[in-house]
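Inspection log for the structure reproduced underneath, given as structure tokens.
The values are calculated or read from the model by the stated rules, or taken from the named source; none is laboratory data. Every value quoted in this text rests on a predicted model; they were computed, and no experiment measured them. Cβ coordinates were reconstructed from backbone atoms using ideal geometry, including for glycine residues, and neighbour counts include every protein chain displayed. The area values use the complete protein model at the heavy-atom level, side chains included, leaving out ligands, DNA and RNA. Shrake-Rupley method; radii C 1.70, N 1.55, O 1.52, S 1.80 Å.
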Amino acid sequence: TMASSLGKVELRTLGNTGLKLSCVGFGASPLGNVFGPVSEDDAIASVRLAFSLGINFFDTSPYYGGTLSEKVLGKTLKALNVPRNEYIVSTKCGRYAEGFDFSAERVTKSIDESLARLQLDYVDILQCHDIEFGNLDQIVNETIPALQKLKEAGKIRFIGITGLPLEVFTYVLDRVPPGTVDVILSYCHYSVNDSTLDDLIPYLKSKGVGVISASPLAMGLLTEAGPPEWHPASSELKSASQAAAAFCQKKGKNISKLAMQYSLSNKDISSVLVGMNSVKQVEENVAAAIELANNGKDEETLSELEAIFKPVKNQTWPSGIQQS
Ligand code: NAD
């Protein structure tokens, strides 16, 4: 098959954690049926193939599919039947189907629930999920100290924060003791249409904080099938994305492959987390990484894409509550 001739994706060190993450990470939100229904057989086959191609990093959250993603990921990882230290799992806390709660009490209870659903004794990374919806001072003074206790208890190895607006990362990292937050997960800010994460990287490096960048396909904008109904982009950005996908198709190129290669080419990003729910997507995204390592980027088509996106370059959408 195509898969057996692919080879393995490269590993990259995550900040000061010592973890070596596959440069392509497996985003498990689709396993919670966030982008449409996925059978358990497809989920197991996708995770198994991903792991065999060197993908060792799997990201989920109790929020995805109202706990379904964690449960399905737990089953698929168990089905791998490999030693626990061969894969890296991150989940999150503070965001749930019922709403947000970053209190020490809730996140402390939340990890036990997540571990039970994942059928694991520990997770490698626990991240405060979408902190722009919380009070950032509570994240600094209450949530992260609670997570440090979970670290001491051996339930988590490293602490992270996630969110859309990039300012939330500097707000928190400027206020916590060095070394308490090990990693940030940014999304939709390092892709062909929006590369604003780039400006934050020197700061993150100076703090020794590892960088994970999610949603290289801009949550479906950079796919031939287009985004899901709930996608928050403006109609202007959606139209530009549609035009970009059509342009690539006409040229015999695949927009998702180009988008993956764009994100993967920044080596300061330890892992590019892409949401996957089929064997075909795993094969395509791994092939994109390996082709990039062997042959470099398709500079010509990428600059044509950048021209199409120029009017909406770095356009984002509001997320979170107004901070005091
Ligand atoms: P994404 O940009 O990775 O896009 C996922 C969509 O693209 C899905 O519909 C998927 O089926 C499809 N897809 C994947 N590979 C494809 C290919 N080769 N060709 C065509 N379509 C393809 O967006 P995402 O899933 O939202 O983000 C990836 C992961 O990052 C999530 O699953 C999650 O784990 C993480 N994430 C975290 C946060 C957060 O913490 N706040 C936010 C966004 C994403």
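Observations, loosely collected:
- Zero-based 10 Å bins, Cα pair distances in segment 21-147, whole percents: 13, 45, 31, 10, 0
- Note that segment 89-101 has calculated 3J(HN,Hα) couplings of 10, 10, 10, 9, 8, x, 10, 9, 3, 7, x, 9, 7 Hz, one per residue in order, obtained from phi through the Karplus relation 6.51 cos²θ - 1.76 cosθ + 1.60 (θ = phi - 60°); glycine and proline are x.
- Counting only GluC sites (Glu not before Pro) that DSSP places in a loop and that have at most 15 other Cβ atoms within 10 Å, the longest clean stretch of the chain runs over 99-223.
- In straight-distance terms, cross-link reach from residue 257 covers every one of the lysines whose alpha-carbon lies under 24 Å from its own, apart from those fewer than eight places away in the same chain; here that gives 8, 20, 238, 267, 280, 297, 310, 313.
- Gap separating the Cα centres of segment 27-101 and segment 242-259, nearest whole Å: 28 Å
- Net length gained if the chain between residue 103 and residue 167 were fully extended (0.36 nm per residue, minus Cα distance): 20.9 nm
- Using the alpha-carbon positions of the chain, Rg (one decimal) and Dmax (whole number) come out as 18.6, 56 Å.
- Mean Cβ neighbour count within 10 Å, used as a protection proxy, ranking 183-190, 49-56 highest first: 183-190, 49-56
- Figure note: 71, 267, 92 ranked by solvent-accessible area, largest first, 1.4 Å probe, ligands and nucleic acids not counted: 267, 71, 92.
- Contact order normalised by residue count of segment 22-146, Cα under 8 Å, 6+ apart, percent: 24 percent
- At q = 0.14, 0.23, 0.30 Å⁻¹, base-10 log of I(q)/I(0) for segment 64-106 (Debye sum, equal scatterers on each alpha carbon): -0.45, -0.85, -1.07
- Calculated diffusion of segment 273-324, Stokes-Einstein form, Kirkwood radius summed over Cα pairs, 25 °C and 0.890 mPa s, µm²/s: 170 µm²/s
- Taking segment 219-324 and dividing mean pair separation by its residue count, relative contact order in percent (alpha carbons under 8 Å, at least six apart): 32 percent
- Counting only protein heavy atoms and a 1.4 Å probe, the chain has 42 square angstrom of accessible area per residue.
- Applying the Karplus relation 6.51 cos²θ - 1.76 cosθ + 1.60 with θ = phi - 60° to segment 32-43 yields 3J(HN,Hα) values of x, 6, 5, 10, x, x, 10, 6, 5, 4, 5, 4 Hz, where x marks Gly and Pro.
- Percentage relative contact order, the chain, counting C-alpha pairs under 8 Å, at least six apart: 21 percent
- Across 15, 252, 66, mean-square fluctuation computed from a Gaussian network of the chain (C-alpha pairs under 10 Å connected) peaks at 252.
- Taking chymotrypsin sites (Phe, Trp or Tyr not before Pro) across segment 201-286, the ones in a DSSP loop with at most 14 further Cβ atoms lying within 10 angstrom of their Cβ are 230.
- For residue 149, a cut-off of 23 angstrom between C-alpha atoms picks up these lysines, skipping any fewer than 8 places away in its own chain: 92, 109, 207.
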